[in-house]
Structure formats: C-alpha cells, structure tokens
Amino acid sequence: MIEEQVAIGAPQPHAIAVLLLTLIALVLFTRERIPLQTSSLFVLCALLVGFYLFPYHLPDGSVFQVKEFFLGFGNEALIAVSALMIVGQALVRTGAMEPIGRFLAKVWRVKPSLSFLLTLVTGAVLSAFINNTPIVVLLLPILINVSLRTGQSPSRTLLPMGLATLLGGMATTIGTSTNLLVVKVAEDLGMPPFGMFDFARPVAIAAFFAILYLWLIVPKILPEREPPLHDTSPRVFTAQLEILPGGFADGKTLAEIRDKTGGEINVERIIRGDNLSITTLPDVEIKAGDRLVVSDTADRLRDYEVELGGKLYAGENPGEGDNTGEPFKAGDQSIAEVVVIGGSTLDRVRVGDARLNSKYGLRLLAIHSHGKETQARSKGVNDMVLRAGDVLLVQGDKKAMQEVKNAGTLLVLDGGEELPHTRKAPLALLVMALVVGTAAIGVMPIAVSAVLGVFILVATGCLRWRDATNALSTQVILIIVASLALGTALIKTGGADYLAHVFVTVTDGLSPGIILAMLIFFMAILTNVVSNNAAAVIGTPIAVSIAQRLGMPIEPFVLGVLFGANMSYATPMAYQTNLLVMNAGGYKFSDFVKVGVPLTLLVWLVLSAVLTWVYHLY
C-alpha cells in the first residue's frame, strides 16, 4: 500500500505539473468537438514527453522510467474490458439474446405496466454481466414496437430502460469497464481483490428503490417527446396470408379468427383456389389453402402469421414475386430509421465515405444528429461526420434491411424487424456463461477467462475476426490507457496524496461516513461531466490515500469511487448508451437532468447510508 506521509507541504514541481495536466485533461474530456481518443492521446504524449525531458527522481534516488506509462496497454483490466466487448458482440451477432427479446415482446401485450417493470429488471440484471450497449440495442426495438402498437410516445419508457441498465452495471466487478479499472487499480495499490459479487448487495438495495422510481414516477414526470423523424409513421403493408393445414385458422370462421387477434385483423378479401374471391362474412369458414388479403403494419402481419398458422406472401398469388422469404412489400421498398452504434464502422465517418448505397443497398433520406434534422439532399451533407447516436432515415428493400440488422453496424429502429438469430447462438451464450462463471467462482481471473472465450468464439465461427476487431473501441482503449498513465503520475509524484490531504483538511471534524458520502457525491458530479473511466482511475488512488489518512478501511472509499463513477444519469453525454436513448426517444438535455438528478440523489443517499452502516463509519 501507499505509505502514509506524516505531513505534506507544497507539492513538488512534477506533482504540480501533473495536477495541472489532470485539470486540463478533465476540461478536454468535456469538449464534445474534440474526439475523446484525441484528448486521451494528448494526455499520454504530454506525460511521456514531460517526464522524458524532465526526469523525476523517486524518494529512493532512482529515476522514474517513462516506459511505465505504456503499461496501460498491457493492463489486466484493459485486456478484460476488450475481451468482454468482443464476447458481448458475439451475443449480438448470433442473436443469443433473441429468446429474451421475444419473451418480453409477448408479455407487453398482456400486462403493459408489469411488463415495463419486468423490462427494467431484466435490463438491470443482464447489465451486471454484459456490457449495457448490446442490452440497450436489444430492448430499444421492443419498446419502440410497443409504442407503435399503443400509439403512445416511446419517450415514457426508453429513458428509464437506459438508466436501469446503468444501475445493473454497478453490481459486479465485470458490469462495466469502470468497475474493472477501479478494482484493478485498488489491487495494484495493495488492497485485497474484490470477488465478483462482493458489492452486489448494496447495489441491489439501491437498485430496488431506483427501479421503483423509474417504474412508477419517471413515466409521469417525463413530457411526451416526438421521436426523431416523427413524420415517418409506421408503414402499412398489404400482404396475403395463406392458411396452412392444421393451423389455428384452418376450419375456423372469420369471426373466430378476428376474436383470436383481439379484433385487430382487417381481412379485405378471401381468395380460394384460382383467384376465387369469397365475401368476408363473419360466418364464412376458412380452409387450408385460403389466402387472406390483409393490410397492416409489419409487426402485426408477422403476429397474424404466428397466431393463425399461416404464411405471408407479397404477390397477388403465392407463385408470383419473391416466394422465398420476402413476406410482404410496399412497392418493393420500405423506409426505416437506423441508429449509428458506438464503435461501429460508421462511427465518426463522413457521410460521403459511408457508402450506404454500395455497402448496404440503402438510400439515405435524412440525418437526425443530436437534435438537428438534415435532409440528405441538403448542401454539404456529405461532409457531415456520423457519430454514435445519430439517427438515419433510409430507404431500401427488406433484404437490405435484414443485412444491416445482421451486420451490427446500425441499430434498426423498427420493432417489426426480426432479431438476428443463428444456430451458433446457444454456443455464444454458453461461452458467455463460462466466462462469467469461471471468474465468479475463482477458477481463473476474468481477463484470462474472457480472452479464452474470445478464442473459442472465433475458433467455432461464432465471430469473424472482422466482427471481433469492430467490437473494440479505440475511444475506450485510449481513455483507459491515458487515465492509467495519469493515475500512475499522480501516485508517483505524490499528487494523489496531496489531493487526499487537502480533502481531509477541508472535511476536518466530519465523521468518516459524511466524508465518504462527499467523495461519492463528488465522483457522481465528475462522471456526468467527463469520462467515467477517467474519473474512476484518477479518483481511486485519492480515495485510498483519504482512507489511510483517516485510519479507516480502504474498501468503502474505493467502493465510493466505483459507485460514484457509475452514476452517469444526469447528462446525455455521460455514457454512450445515453446518446442512443436520447436520439431514439427524441429527448432533450433537460429530460436527463429532470430524471437523472433525483435518481443520482436517491442512489447516492442509499449507497452512502449502506456503506456507512456496513463498515461502521460513524
């Protein structure tokens, strides 16, 4: 552990320089126009050049080696984070979470209120083990589909769902990259390692109250927002539903079929044999081979296909047109909203270089970039740079839409689209379970089990190398490396201990529990302004020094940093999924503040009280 110094005077020149660089870094990380990876690289270069030109002598007389700043690239936490991102990508690519999505979609039809609660709990639980980005990608189309069915704005449900996944991520050591970094940095400072579920109990207590707030209160205080490109109402398609032998509709009257669908189906014609048209009377009996001409939205047509036991066709007759998987058409084109996902091949790419038409067969109609809608034919649109969370209005045929869905580069905001599913899905799910399970019971560290999991996924064909590399985020890697380097400089030069001394001096006379609460609150504010990973890595050594100066256990103060750095609730830029949710629901900055500030205060109060009670910080 860091040895406590009896007294601290003014910091040394190197410490002052590092403290100033830390302040500059925090400012840079808030600049939206400067890519986070650029700011991170600047911080790393400043440390390398500064300590190389002006060597720092350690207390034992030796010179601090600049190469230590490169150790972040081989840090165990970074390896684990990168490997888990790839494993999570496999779950998306293979459709391993499809059963969960289908189950939630069905439950929503029966009990909407309880289904909303179940969706919040499911998102939180899954996010404790899987990066929350694929969880949000899974749940967004389901909730949007529900809003299309009910005619309600999705803004009442999308934001609570996104925040619920952030709550769940706090519960385990692998829930977020922030958790892995805090645990590893604290371990490097001499603290015994945390087990995977060592701090799940206080998070579960806080999450209980927080999810009740998200379930019962947030939908009532959120104003209805028009989702992006709201003028693109659900497309109504005309299709033929051929009744299969043994299906529900075989032998049933038209009235019974309408009752089965809750009165929603609108049968325009009944075609029997060679284009024999039958009047749509309620008591007419439907036989196998009959074709019902139905007009409705895409998702409802698919529902009718399953509920009635039939098969959809696009042409006037089953033998016409595309009879091998193309269920219905509006002309031969459809319109959809798609979202650029963080870390995808389109993230931070010029529109002119995206080549949507040649790559995906899609025609770009409009772009909704962080609250501003731009027509694709507008002057200069090709020079626009796509960012994570941007919504694109595109036109293309069903095959093109499905290929986009399978590619994982864009999130299709069409609840009727089928989730991608392959026969590799069970294997991908098993690998994820083994990665988490072996780490949870202590068979091997998470970094080892995750890397092994990546090898198995690639070797068995669940992932291609292109998919694996696309899953990695340069932004995440560089911010972690730069933050680790900055943390190392703060520790070696005594800057962290100096900040801890100032913090303890300012809070002199307060109980350890109040000091811990203040630390959590400060981290919660910081993480909503700058990168949560940077806040966590910088805050961890300071928390260790504070605990040592107070003569208190280190664990609660490290957990204070971990919990505070995860409270990315109050601003849309605090976490990448916040931007996805913001654009999909048409939210404003004020909506995040209105919902996120009370949630932050609630979670802060509960966690502060629980940690104070558990560790006797009275």
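Laid out as a table, the results:
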read-out: Selection count where residues are over 14 Å from ALA534 (Cβ atoms), in contact (Cβ under 8 Å) with a residue 24 or more places away in the chain and surrounded by 12 or more Cβ atoms within 10 Å (Cβ to Cβ), scope region 19-47; value: 3
read-out: Evaluation of PHE209 against (1) crowded, with 17+ Cβ neighbours inside 10 Å; (2) at pLDDT 90 or above (one fails), failing number; value: (1)
read-out: Residue satisfying all of: in region 97-117; at pLDDT below 75 and small (Gly, Ala, Ser); surrounded by the most Cβ atoms within 10 Å (Cβ to Cβ) among these; value: ALA105
read-out: Unmet criterion (only one of (1) assigned to a helix (DSSP H, G or I); (2) surrounded by fewer than 24 Cβ atoms within 10 Å (Cβ to Cβ)) for PRO160; value: (2)
read-out: Qualifying residue in region 190-211 (condition: in a helix (DSSP H, G or I), closer than 12 Å to ALA77 by Cα and either in contact (Cβ under 8 Å) with a residue 40 or more places away in the chain or under 21 Å from the mean Cα position of the chain (by Cα) (or both)); value: no
read-out: Condition check for LEU301: at pLDDT 80 or above and either assigned to a loop (DSSP other than H, G, I, E, B) or surrounded by 15 or more Cβ atoms within 10 Å (Cβ to Cβ) (or both); value: no
read-out: Any hit, region 123-133, residues being at pLDDT 80 or above and among the hydroxyl-bearing types (Ser, Thr, Tyr); value: yes
read-out: Region 573-618, subset of a type in the set (Ser, Thr, Tyr) and in contact (Cβ under 8 Å) with a residue 12 or more places away in the chain, residue surrounded by the fewest Cβ atoms within 10 Å (Cβ to Cβ); value: TYR618
read-out: Any hit, region 543-555, residues being hydroxyl-bearing (Ser, Thr, Tyr) and over 30 Å from the mean Cα position of the chain (by Cα); value: yes
read-out: Filter result for the condition that a residue is under 15 Å from LEU301 (Cβ atoms) and in a loop (DSSP other than H, G, I, E, B), over GLU264, GLU242, GLU268; value: GLU264
read-out: Any hit, region 561-570, residues being under 19 Å from TYR498 (Cβ atoms), more than 18 Å from the chain's Cα centre (by Cα), buried (at least 24 other Cβ atoms within 10 Å of the Cβ) and free of Cβ contacts under 8 Å to residues at least 60 places away in the same chain; value: no
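Every residue, every condition in (1) touching a Pro at 6+ places or on another chain (Cβ under 6 Å); (2) under 25 Å from ALA543 (Cα atoms); (3) charged (D, E, K, R); (4) not assigned by TED's automatic domain parsing to the domain that holds ILE367, yes or no:
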site	(1), (2), (3), (4)
THR571	no, yes, no, yes
THR577	no, no, no, yes
ASN583	yes, no, no, yes
PHE592	yes, no, no, yes
VAL603	no, yes, no, yes
ALA609	no, yes, no, yes
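The values are calculated or read from the model by the stated rules, or taken from the named source; none is laboratory data. Here the structure is a predicted model, which means the values were calculated and not measured. As a convention, Cβ positions derive from the backbone with ideal geometry for all residues, glycine included, and neighbour counts pool all protein chains shown.
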